[in-house]
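Laboratory data are not the source of any read-out in this text; all were calculated from the coordinates shown. On a predicted model such as this, the values are computed, not experimentally measured, just so you know. Please note: Cβ atoms are built from the backbone with ideal geometry, for glycine as well, and neighbour counts cover all protein chains shown.
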Amino acid sequence: MSAKVTNSWGSALLSKTVRSPAMRFHDFRLLLASALFDSMGFMGESVVLGWVILEMTDSPFMVGVAVGIRHAPAFFLGVVAGTVADIIDRRKLMRSLMALSALVALGMGLLLSSGEAQLWQLLLVPMVGGSIGTTSMTTRQSFVFDVVGPENALNGMAYLSLAMRFGGMIGALAVGFILANFGPGGGYFVLASGYLGSTIILSFIRSRGQAAPAGGVNMLKGVVEFWTELRHNRTVSALVIVVVFVEFFGFTTQALMPSFARDVLEIGAEGLGLLTAIFAAGGMLGILLVSVFGEIRRQGLVFIVALHVFGGALLILGFAPNLYVAIIAILVMSAMMALSDLFSQTLMQRLVPNDLRGRAMGVWTAAVGTAPVGNLTIGALASIFGVTAALAFHGAGLIAVAVITASVFGKLRRV
């Protein structure tokens with residue numbers, strides 16, 4: 001009986017997904033497929049880069065440095081990337097960026113396969129890849145809105161996130177296996193193939209979208225226009241501040257996963273791939289909960305609730321007594337991570353004029369780009385006090401951020 005109920009529920013969920021308003025758009029379905037392949041590369045790189053740095057240096061702090069360098073371009077290039085995305089045809093821009101990502105991953109694979117890789121090289125190449133990834137992410141998120149329109153924005157962003165996390169889960173498992181059996185060079189070759197697949201799929205997208213920006217502004221004017229909007233739009237400014245602190249306390253904990261897998265759980269490289277895949281699976285579950293409901297009212301309130309649960313799950317992970325509790329905590333935490341990203345991204349685009357959406361996603365990306373500070377902090381805490389203490393501290397900090405957000409930013413709760 002229970003099996004029939006489960007099958008019926010699964011069939012209903014699949015039917016609702018296929019009939020979703022956003023899924024009616026052919027170009028949107030192509031965008032999802034390209035995002036899946038792109039995420040195979042992006043998430044897979046988190047596994048292989050963190051593991052290689054940890055094995056080379058035996059230092060969680062250096063893993064934090066490496067991850068921080070990879071994400072640093074988001075802070076410095078976020079607004080510029082968003083402005084570029086508002087000026088240039090987003091389809092052409094995405095194709096060019098994916099092709100460049102494939103070349104960077106291929107070069108990294110050749111470097112690691114040669115056996116001559118040095119630490120400074122492993123820190124430099126991810127910075128180049130991070131710069132490409134920053135512009136790619138900003139452009140893709142804005143293009144979703146272009147294709148599905150404002151009335152289906154949350155639904156479209158939910159399915160994009162779902163595709164990216166599914167691709168990330170596949171990439172993490174594949175790279176974890178390749179890393180354990182064929183070495184890091186082979187892992188980067190897998191990443192390159194994912195980026196290449198994304199490039200090919202993007203070439204079939206024909207339309208600029210129903211809500212594409214008019215364009216026609218130069219770079220300087222575009223940046224000035226957005227900063228003027230940011231000064232006057234207090235709700236957007238508040239949301240940017242919240243995203244910065246959520247990134248610092250919440251998302252930077254992923255930098256500790258190599259140390260958590262090796263030193264706390266003692267499950268090795270394949271185990272790290274498994275934990276990373278669980279991160280992706282939890283995010284998928286969170287997004288599925290939202291996607292089946294379509295457009296949700298009071299998105300700001302749901303965002304704040306997700307932050308409270310996120311912090312609680314992170315605190316539990318810090319004190320997890322065994323692998324099973326850790327897996328449950330990671331599933332809940334990654335689901336809340338996904339919802340935090342989904343609602344903050346959607347709110348950013350809803351709260352600004354249409355022609356500024358790329359720049360809105362650019363400033364969101366810049367807020368996320370403050371992660372290197374958190375990566376360095378949590379890496380240092382783990383090196384001095386241990387992984388468990390570092391996770392617990394960041395969990396408590398995130399809960400404090402959630403409580404303050406609910407108390408201070410009343411207008412955000414009502415959006």
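Below is a table of values for the structure above.
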quantity	calculated
Which of HIS308, HIS232, HIS26 has the fewest Cβ neighbours within 10 Å, and the rest in rising order	HIS232, HIS26, HIS308
Extended-chain gain in nm, criterion 0.36 nm per residue less alpha-carbon gap, PHE204 and ASP89	39.9 nm
Sorted by Cβ density within 10 Å, fewest first, the residues MET337, MET108, MET56	MET56, MET337, MET108
Full-extension gain in nm, GLU266 to VAL408, via 0.36 nm per residue minus C-alpha separation	46.9 nm
10 Å beta-carbon shell around THR199, net charge (K/R +1, D/E -1)	0
Most positive-pole-ward Cα, LEU307, ALA99, PHE25, against dipole of the chain from beta carbon charges	PHE25
Cα shape, the chain, gyration tensor, a/c 1.5 rule	rounded
Chain lengthening between ARG234 and SER114 when straightened (0.36 nm per residue, less Cα-Cα)	38.0 nm
Footprinting exposure proxy for PHE279, PHE409 (fewest neighbouring C-beta atoms within 10 Å first)	PHE409, PHE279
